[in-house]
Structure formats: structure tokens, C-alpha cells
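Read through the structure below, which is laid out as C-alpha cells, and then see the notes.
The values are calculated or read from the model by the stated rules, or taken from the named source; none is laboratory data. Not measured: the values here are computed from a predicted model. All Cβ positions, even for glycine, are placed from backbone atoms using ideal geometry, and neighbour counts span all protein chains on display. Side chains included, ligands, DNA and RNA excluded: accessible areas come from the protein's heavy atoms. Shrake-Rupley method; radii C 1.70, N 1.55, O 1.52, S 1.80 Å.
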Amino acid sequence: MISNPSRHCMVELQALPSRIGQVRRIVSAQLRYWHMDPLIERAALGVTELLTNVHLHAQPDKTCVVELELLLDRLTVSVRDHDPRLPVVKAAETLATCGRGLAMVAAVSESWGARPDGESGKVVWFTLPAPVAARELAARPPRRTPREQAAPRFTEVVSVDDLRPAHAPARSAVVG
């Protein structure tokens, strides 16, 4: 039985250029905490591209939520914003400096997509396969803090006299 099937992290922010770098560092730190170091570069690149799209295209505001969710064998990274228009992948020119974000997300991820989120928003997401070590950690329950740990139960009380040998030799603490 799996007692802790998922791990979850969520950050709400304004998708401004100065905040995108901060979210990259948060994503990297969270993945290191989950022992998913091999995914850091791809996850950071993907979240950067999705946040840049929110910054460049989202209306009426740039408020969004970045979520990381580890479900046993895969990491899902999603960005939710308040613009209902779904993104469109366009063919970019060879030397173009913009317009490649979703193509890059598709290239580094296992899968990706976008879906409406209520009446006035959307979620754009991508998945990455979790390394084996991270899968094992995700299946384990989180460690309890000392305050949460239950006190041990005593099933039997034994007298100290019962533990002493019957004929113990006398010993002196004085050398000589």
C-alpha cells in the first residue's frame, strides 16, 4: 500500500522577468529536495518558457500559479493564468528570437498540453519521467518530526532485580 502517493509544490506570482529567475531557483531547490536532480534543467527550461508566455501574452493580468506535482513515476509542471486563450504552436523561422517556447517545451518533455480552467483562465502543463530514486521516495511516507512520533508502548514491565545475576561477584571501585 502506498501511503503518500504524491508530492506537491505551488507558487503564486506575477509573471514579470525579475520573478521568472526566482521561480527557476524555487523549482530547482524543490527538485533537489525531492532527489530529482536529473530533471532540474528540463523543468527549469520548461517553466521559464511557460512563464515567459504568460508575461508576453496573458490578459488581463500577469498573475499565475506554478505547480509541481510528483506522482510516483512522473513530474507534472503546470502554469495556470487568467487568460482563457489557449496557446498556439507556430512554426518559427530559423533565426527567430521568439516564438519557439512551446516547441522547446515539447522537445524537453515527455508530454505537454493546455486546457481551459473555468470561465476565465487556462492551464499549460508538461510532464517529465521521474528518476527511479525519486519514485522510491515518493512512495515512502514523509518522515515524522520528533513531536509527531508516537511514544513507544511498553508491553511488559520488568523489575531491575530480575535482570541482575543471582551470584554477582563483589567489585570495588577502589584501585588496589
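Annotations
- Residue in the range 39-51 that is in contact with a strand residue (DSSP E or B) (Cβ under 7 Å, 6 or more places away or on another chain), more than 18 Å from Cys9 (Cβ to Cβ) and crowded, with 17+ Cβ neighbours inside 10 Å present: no
- Boolean, Arg85 is open to solvent by 50 Å² or more (accessible area, probe 1.4 Å) and under 30 Å from His35 (Cβ atoms): no
- Among the residues of the range 49-73, those that are part of a strand (DSSP E or B) and not hydrophobic (A, V, I, L, M, F, W, C) comprise Thr63, Glu67, Glu69.
- Residue in the range 70-82 that is free of Cβ contacts under 8 Å to residues at least 40 places away in the same chain, surrounded by fewer than 17 Cβ atoms within 10 Å (Cβ to Cβ) and more than 19 Å from Thr127 (Cβ to Cβ) present: no
- In the range 53-64, the residues that are open to solvent by 20 Å² or more (accessible area, probe 1.4 Å) and either touching a helix residue (DSSP H, G or I) at 6+ places or on another chain (Cβ under 6 Å) or basic (Lys, Arg) (or both): Asn53, Lys62
- Filtered residue count, the range 55-77, keeping only those that are among the hydrophobic types (A, V, I, L, M, F, W, C) and either at pLDDT below 95 or farther than 13 Å from Val11 by Cβ (or both): 6
- Any hit, the range 32-45, residues being more than 21 Å from Leu128 (Cα to Cα) and in contact (Cβ under 8 Å) with a residue 40 or more places away in the chain: no
- Residue in the range 24-35 that is open to solvent by 50 Å² or more (accessible area, probe 1.4 Å), farther than 17 Å from Ser109 by Cα and not in a helix (DSSP H, G or I) present: yes
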